[in-house]
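Engineer: If you scroll down you'll find the structure; I have some questions about it.
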Amino acid sequence: MTIRCLLWALGLVTSLAWAESPTAVVDFTRGPVPIPDSTRPPLLRNAVNDDARRPRNYDWQPPTIPHRVDGYQVDKNFNKCLDCHARAKTDFSQAIPVSATHYIDRSGKVLDHVSTRRYFCMQCHVAQDPVQPLVGNSFRNAAALNPKVTGTSQAKK
Amino acid sequence: MIERIRRYWTIIRRPSVHFSLGALTLGGFIGGIVFWGAFNTAMEFTNTETFCTGCHEMGDNVFVELKSTIHYTNRSGVRAMCSNCHVPHEWTVKIARKMQASKEVWAKIFGTVNTQEKFRAHRLELARHEWARFKANDSLECRNCHNYEYMDFTRQSVRAQNMHSTYLANKEKTCIDCHKGIAHRLPYIPPGEAPSDTPGQVVPSEDSRVLAPSTVSVATDAAR
């Protein structure tokens, strides 16, 4: 008898939990919209195109792209990024040259062209949209936390 | 049968013996209008998107690539069709291009690029033809819409301002020199022929950008 009572109570609790779950879950990327409903996606905007270099947030962060890259062709025939950023082209284009590390293949051999493992630029480097982050972030890089390590210039900001 | 042909031949050879001069003039006039109208209508039909993409060589290769580009899909709904860029607008040049295109009919009949592999193999050659054509007519088909005189440089990115206020302004370069592969995917391009491989070209420094307005005015004065 007591077991049956317990089962009933358990069933009641779980059913209540099920009934509440659609509204109780708060996902910041969807906002207050219940899970069964579809959200209204934010408007698509143009990527930042100001050509101003943004500082890195942490050491070894791939620098972000400060211009629009819509429709850039990067495939086995042609790499639109390297058309300006390849080291041989920067004399003409005045673009930031691709890092020398990108010319080294995985066995440490230095090549005269970009290594295949570095070929798809936008796997790491991305253009930026002028939007507010959906989720808050209190990340601070190591230099900002410990000014003695890398000097005080970054810590003052 | 031979008798009938002979009779028609005598009429055609000396029509003024059989018909009045007025009827011949009027007939010739009306016939001319009908012929001219039909000729131009037929030629305009070959400029339509349905005609261009009617064959799978165009529809499956280049047209598919065009669809995602800014010239086909954009916010304002202005669309550049195949013929806007690939056929000259002026009549005489258009006829010359249409006559050249008879070679494309030949290629269609004999299936020169009737598979994707064959198309890719010929792609660089075909692209070079178009690049050469644009280079020769100073990118006329671009300029039919993108007029240098109407450009608002303040609405352009700094990079674009730099380039347009110097190389485009002093006519050293034309649109196609830098803007290759904007409506279709590029084939493999041998070293030295890529869009940025324009010999002797160096991006202007900050100093020369200050001087840019004078080069612009010189260029526009020369144009007048």
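Each value in this text was obtained by applying a stated rule to the coordinates, not by laboratory testing. Quick caveat: nothing in here was measured; it's all calculated off a predicted structure. Please note: Cβ atoms are built from the backbone with ideal geometry, for glycine as well, and neighbour counts cover all protein chains shown.
Engineer: Do any of A:Lys109/B:Lys180; A:Lys80/B:Lys103; B:Lys118/B:Lys173; B:Lys94/B:Lys118; A:Lys89/B:Lys173; A:Lys76/B:Lys94 go past 24 Å between their Cα atoms, and which?
Structural biologist: On the way: A:Lys109/B:Lys180 33 Å; A:Lys80/B:Lys103 32 Å; B:Lys118/B:Lys173 32 Å; B:Lys94/B:Lys118 28 Å; A:Lys89/B:Lys173 18 Å; A:Lys76/B:Lys94 36 Å.
Check vs 24 Å cut-off fails for A:Lys109/B:Lys180; A:Lys80/B:Lys103; B:Lys118/B:Lys173; B:Lys94/B:Lys118; A:Lys76/B:Lys94.
Engineer: Cut-off under 16 Å on the C-alpha distance; same-chain residues fewer than 8 positions from B:Lys98 excluded. Which aspartates and glutamates are left, in chain and number order?
Structural biologist: Straight-distance partners of B:Lys98: B:Glu44, B:Glu49, B:Glu90, B:Glu130, B:Glu141.
Engineer: Spelling out what I want: for every residue of the stretch B:27-38, take phi, set θ = phi - 60°, compute 6.51 cos²θ - 1.76 cosθ + 1.60 (Karplus), and round to whole Hz; glycine and proline get x.
Structural biologist: Couplings: x, x, 5, 5, x, x, 4, 4, 4, 4, x, 5 Hz.
Engineer: While we're looking at this one, here's another question. Please express the shape of chain B as an equivalent ellipsoid: the semi-axes are the square roots of 5 times the eigenvalues of the C-alpha gyration tensor, given largest first in whole angstrom. Don't skip to the end; give the middle numbers.
Structural biologist: On the way: eigenvalues 434, 126, 50 Å².
Working through the eigenvalues yields semi-axes of 47, 25, 16 Å.
Engineer: Also, I was wondering about something else. Helix B:2-13 sits at what angle to the longest principal axis of chain B, using alpha carbons and giving 0 to 90 degrees rounded to 10?
Structural biologist: Taking the Cα atoms of chain B, the angle to B:2-13 is about 60 degrees.
Engineer: What nm distance separates the two modelled labels at A:Phe28 and B:Val17, each placed 7 Å from Cα along Cα→Cβ?
Structural biologist: 10.0 nm
Engineer: Long-range amide H contacts for A:Ile65: which residues qualify at under 5 Å (H placed 1.01 Å from N, peptide plane, sequence gap of 5 or more or a different chain)?
Structural biologist: HN-HN under 5 Å from A:Ile65: A:Val126, A:Ala127, A:Gln128.
Engineer: Once R0 is set to 56 Å, what does the formula 1/(1 + (r/R0)^6) return for the Cβ-Cβ distance between B:Phe39 and A:Val110, expressed as a FRET efficiency to the nearest 0.05? List each step's numbers first, then the result.
Structural biologist: Numbers: r = 64 Å, r/R0 = 1.14.
It comes to 0.30.
Engineer: Something else now. Each label point is 7 Å from the Cα along the Cα-to-Cβ direction; what then is the distance between the points at B:Cys55 and B:Val78, in nm?
Structural biologist: That separation, rounded to one decimal, is 3.1 nm.
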